[in-house]
Structure formats: C-alpha cells, structure tokens
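Following: one structure in structure tokens, then a few remarks.
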Amino acid sequence: MLKKVLIANRGEIAVRIVRACAELGIRSVAIYTEPDRYGLHVKRADEAYSLGEDPLAGYLDPARIVSLALETGCDAIHPGYGFLSENDRIAQLCEQRGLAFVGPKSSVILKMGDKTQARDSMRAAGVPVTPGSEGNLENQDEALQLADEIGYPVMLKATSGGGGRGIRRCDTPEELKNQYPRVISEATKAFGSAEVFLEKCIVNPRHIEVQVLADSQGNAIHLFERDCSIQRRNQKLIEIAPSPQLTPEQRQYIGGLAVKAAEAVGYENAGTVEFLLSGNEVYFMEMNTRVQVEHTITEAITGIDIVQEQLRIASGLPLSYRQEDVSFRGYALQFRINAEDPKNDFLPSFGRITHYYAPGGPGVRVDTAIYTGYEIPPYYDSMCLKLVVWALTWDEVIARGKRALDDMRLHGITTTASYYQQILEHPDFRAGRFNTSFVPDHPELLNYSTKRHPSAVALAIAATIAAHTGW
Ligand code: ADP
Ligand code: ADP
Ligand code: MG
C-alpha cells in the first residue's frame, strides 16, 4: 500500500482524498496557493506546502508538483478532478520519476482526453458513438458539408473540452457559421487548443454515465450508472444513482459497454464512461479519466469507497471486488450547491459564509470545504458543497432530499439550494421522467420566494408585534 500521497487539488475533493488516505493509514500532503491559506484541505492534511501568491499557477504546474512530491517523500500524486487530473504531462512525469499517479497511464489520458481520438478508439472497439466527425474539422466549409450529411441540429464541440464548456448547438447553417469562430476562440482560451469537431445533436437525450474501476492486472468492472440529465448549459446540477429511467436490460447493456470501452484502451484506475440515451439508442459521448464530482452517489448505492479503491489500484493491488460481488440498493441524489444566484442568471455569489449549519440525520452525507467564517475565493469554481442523500425508494429519496436541503443553513452568500427544492416538487421529476432539457424547459421553477419560510417569518413578526403592543 502507498505510504504518503501528495494531493494536487483544493476544496472538497482534496478533503475527500485526505479522508480516504487517513482511513487507509496513508499520510497526506496538501498544496495550496495563498488565497487558499485558510482552506480546509490545508488544515486537514498531515502536511501542507504553499505554492505561491498566484491563485492558480501553483495548482497547474506539473514539474513543480512532482518535485515537491519527491522532496517530501511521497510515493504518489492524487490529482482529484479539474486542474491537472486529465493532464498527461503530470502522469508522464510521475512515470519517469518513479511516482505512482492515481489515474491511468499518460498515454491513455492523452488518448481519451482528446474527444476525437476517444471516438475513434470506441468505434474500433465496437462501442456505438454519436454520429459525426471522424477527426477534427479543418475549416468551416468542412463543418457545413458534414452538418448537411448528418442533418441538423448538430453540436459543435471543443476536442479538449470539459466542464460543459466549448459546446454549442447549431440548428441551421447560419448558426453553424456564427458559432464556428466562437467555439474555436472559447476552446483556445479555456483549453489551449483550437481543435473542434462536430456531432449529431441527439434531441432531448438522457445523460447516463457508468462508473468503472480497472486494476493493473487487467481486471475491469463497473459500479452501475448515474443519471446526470438535470443540467444547465451542459453542466450537471443534480445527479442520481441508479437512473430511475432504465430497464434492467438497458442497465446491463450499458454497464457492459462501459467495461468494453475501458478494456479496449487498457484503462487503469477509476474512470467514467459517459453516454447519451435516446429511446433505446445508446451513444458513447466521452470518457473522463479521473474521479468524478458525483462519485459519491455510486458510493451511496454500492457501499464501495471509490477513492480508497483508486489508492489501492495505484498501489498495484488487485480490485477488492469482482463484478458479481457488486450490487446496489436504494437511490441516491447529489445536489451541487453552487455559490450562484439562480434568479440572476446563476451569477456567481462569492463572499464570506456568515453562518453554516450542516444538514444531518439518516441517509445524509455532506462533502464540502466550507465552514462558518470561511470566505469563498473568487478564483475557483462556484461549487461550495455537495449534499448527498440516500433512501431505499425513489419517493423516499426525494422526501429526504427536500428535508436535508431544508435542514441546511448557509448564510452570507446566495446558493442554488432553494432552486433544487423547486425541481424536487415538479411532477415530471417526481415521476422519474426527465431529459437534458428539463431545466431550460421549466423556467417557471425560478419563480420561488427567497424568504425561507414565509409563513414562519410572518408568525414571528406577528409575535414580536404582539409582545410590544401587549396583545
Ligand atoms: P464531472 O465530469 O466530474 O461531473 P465537471 O464536468 O463538473 O465534473 O467538472 C469538474 C471540474 O473539472 C470543474 O471545475 C470543471 O471546470 C473542471 N474540468 C472538467 N473537465 C475539464 C477540462 N477538460 N479542462 C479543464 N477543466 C476541466
Ligand atoms: P464535457 O466534456 O464538457 O462534460 P460532454 O461531451 O460530456 O462535455 O457533454 C456535456 C453535455 O452536453 C452532455 O451531458 C449533454 O447534455 C450535452 N451534449 C453533448 N453532446 C451532445 C449531443 N451530441 N447531443 C445532445 N447533447 C449533447
Ligand atoms: Mg462530460
């Protein structure tokens, strides 16, 4: 087993990895940049080192991080998600300098991080892929010609994209002409690559993804699926495991496809294979070669600690489970509580947390790095807490989600929590019927009252008046 791991990340995922290390008896080393000096990951890790004033540079410097890991006697680096998690360079440096990288081989990261190469590998392996480009687009004319062949609407995508950015739907040739330079400029700015490709737009699909685990001995298994169809602008808001909209046959088929995908590229460690589902059609979309934000809900329904499995695999140990040992029970929901104002076009709402009371009780898990008095820095993403609830049935998990969101108190910033309450009330959501258009199709769900308990507040005011007037 590994002895000491450097965590090349911040926020809740860094804290999550510290916890997994602690339970396995592994020492943890945190890194931070100055705006994160008071970050919870710095407080919780066994050791912590500053990587300078710049908010981001330190977290994005493979050479410096690898050197620090070696200087501090680490035998591995865990990259978390975001930052360097899908950067083949840091994985390669680890390979060259005798460190374990908690993820797949650098060559696999390179292949799967490039969405067109990933599509090619999947086609070759017999995994169905969304119809579209065979490689990257050379120019706008090629895009227009291909779109004519596959038919509108189409999706124009950044080849190195991620986090829901660098994707545009185009319904007409005019839109495609307009969007082409925009996506190229967005891709260049956000991902440092101008490469783009085109896919058929699957109208109103469900986003279904499968968690896989693969060890260095060539064993690969899946831990069932997550339904991430509740999205805004291609970014996930609420995730569900298992999907309430799959038949057992579909579940088995998609799980099998994901394992086939992992085996085809010699995958190692935890990964997620994302698919789009339309009716009975399943299309491979992309593979994320890292731990995913929503791994928590798979942990909730299977009981398997995915981050601990990652560390075991990186130690060279075989998987702790065979496919037939893995089962799931009940349903889990994850709410991404973002520091954003839904009523103001989801504008970020950074600032000081004046009061935070964690929700609790049966079936409730919170992964976060915030605390009362913490100031959310404006340099990083706006997700400030993951609330995960589990229950035996679909109806119960919705009731538990509502209750846990209500339990939580988070003052000083505006968050997406109240908006999620509205989604949980919607009859289609409650019936387990939704696709990726659910959020844009229901703008009326944004018309909620910002007073937490209007009737309770009214009563309190009445009581105060009564006390002062002697009613
Ligand atoms: P998940 O795929 O785990 O659901 P997200 O897509 O929400 O996660 O991304 C998690 C974090 O990683 C976000 O902060 C996102 O901006 C970042 N991220 C994801 N993919 C990339 C990428 N290719 N390049 C840069 N950042 C990325
Ligand atoms: P990212 O790397 O940013 O996560 P993905 O390729 O996984 O990008 O796509 C993110 C989301 O965009 C999907 O979950 C889906 O909602 C939407 N999307 C992507 N490709 C298509 C498509 N071909 N048709 C319809 N929706 C799509
Ligand atoms: Mg994706």
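The values are calculated or read from the model by the stated rules, or taken from the named source; none is laboratory data. A quick note: this is a predicted structure, and the numbers were derived from the prediction, not measured. Methodologically, a virtual Cβ is constructed for each residue, glycine included, from the backbone with ideal geometry; neighbour enumeration extends over all protein chains shown. For the accessible areas, the whole protein counts, side chains as well, though only heavy atoms, and no ligand, DNA or RNA atoms are used. Shrake-Rupley method; radii C 1.70, N 1.55, O 1.52, S 1.80 Å.
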Checklist outcome for this item: Apart from one, (1) touching a Cys at 6+ places or on another chain (Cβ under 9 Å); (2) away from ligand 2 (no atom under 16 Å from the Cβ); (3) not in a helix (DSSP H, G or I) all hold for Glu274; the odd one out is (2)
Checklist entry - In the stretch 146-198, which residues are within 21 Å of Lys236 (Cβ to Cβ) and in contact with a Cys (Cβ under 7 Å, 6 or more places away or on another chain)? => result Met155, Leu156, Arg169
Item to check | Criterion violated by Leu317 - all others in (1) assigned to a helix (DSSP H, G or I); (2) within 23 Å of Leu99 (Cβ to Cβ); (3) among the hydrophobic types (A, V, I, L, M, F, W, C) satisfied | outcome: (1)
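Can you work out which of the residues in the stretch 280-318 that are open to solvent by 20 Å² or more (accessible area, probe 1.4 Å) and in contact with a Lys or Arg (Cβ under 9 Å, 6 or more places away or on another chain) is nearest to ligand 1 (Cβ to nearest atom)?
Of everything passing the filter in the stretch 280-318, Glu286 is nearest to ligand 1 (Cβ to nearest atom).
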Item to check | Single residue of the stretch 234-253 satisfying the filter (under 14 Å from the mean Cα position of the chain (by Cα) and within 15 Å of ligand 2 (Cβ to nearest atom)) that is farthest from Ile297 (Cα to Cα) | outcome: Asn234
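Here is a list: Arg352, Arg400, Arg409. Which entry is at pLDDT 95 or above, crowded, with 18+ Cβ neighbours inside 10 Å, farther than 28 Å from Ile221 by Cβ and of a type in the set (D, E, K, R)?
Testing whether each residue is at pLDDT 95 or above, crowded, with 18+ Cβ neighbours inside 10 Å, farther than 28 Å from Ile221 by Cβ and of a type in the set (D, E, K, R) leaves just Arg400.
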Next on the checklist: If I filter the stretch 431-445 down to residues being surrounded by 15 or more Cβ atoms within 10 Å (Cβ to Cβ) and among the hydrophobic types (A, V, I, L, M, F, W, C), which single residue comes out as farthest from ligand 2 (Cβ to nearest atom)?
Outcome noted: Leu445
Item to check | Any hit, the stretch 250-271, residues being within 30 Å of Phe346 (Cα to Cα), in the same structural domain as Asp341 (by TED's automatic domain parsing), away from ligand 1 (no atom under 13 Å from the Cβ) and modelled with pLDDT of 95 or more | outcome: no
Checklist outcome for this item: Scanning the stretch 279-304 for residues that are farther than 21 Å from Gln245 by Cα and touching a Leu at 6+ places or on another chain (Cβ under 9 Å) gives Ile304
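Identify the residue in the stretch 203-228 that is among the β-branched types (Val, Ile, Thr) and surrounded by 21 or more Cβ atoms within 10 Å (Cβ to Cβ) and, among all such residues, is farthest from ligand 2 (Cβ to nearest atom). Show your work before the answer.
Step one: list which residues in the stretch 203-228 are among the β-branched types (Val, Ile, Thr), which gives 203, 208, 210, 212, 221.
Next cut, surrounded by 21 or more Cβ atoms within 10 Å (Cβ to Cβ) only: 208, 210, 212, 221.
Working: Ile208: 10, Val210: 13, Val212: 16, Ile221: 22 Å.
Filtering first and then ranking leaves Ile221.
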Checklist outcome for this item: Ala339 vs (1) surrounded by 23 or more Cβ atoms within 10 Å (Cβ to Cβ); (2) away from ligand 3 (no atom under 14 Å from the Cβ); (3) under 20 Å from Ile17 (Cβ atoms); (4) not basic (Lys, Arg): all pass except (3)
Checklist outcome for this item: Taking the stretch 161-173 and keeping only residues that are open to solvent by 40 Å² or more (accessible area, probe 1.4 Å), of a type outside the set (Lys, Arg) and at pLDDT 95 or above, one is left with Asp171, Thr172, Pro173
Next on the checklist: Can you tell me how many residues within the stretch 320-335 are in a loop (DSSP other than H, G, I, E, B), open to solvent by 40 Å² or more (accessible area, probe 1.4 Å) and not small (Gly, Ala, Ser)?
Outcome noted: 4
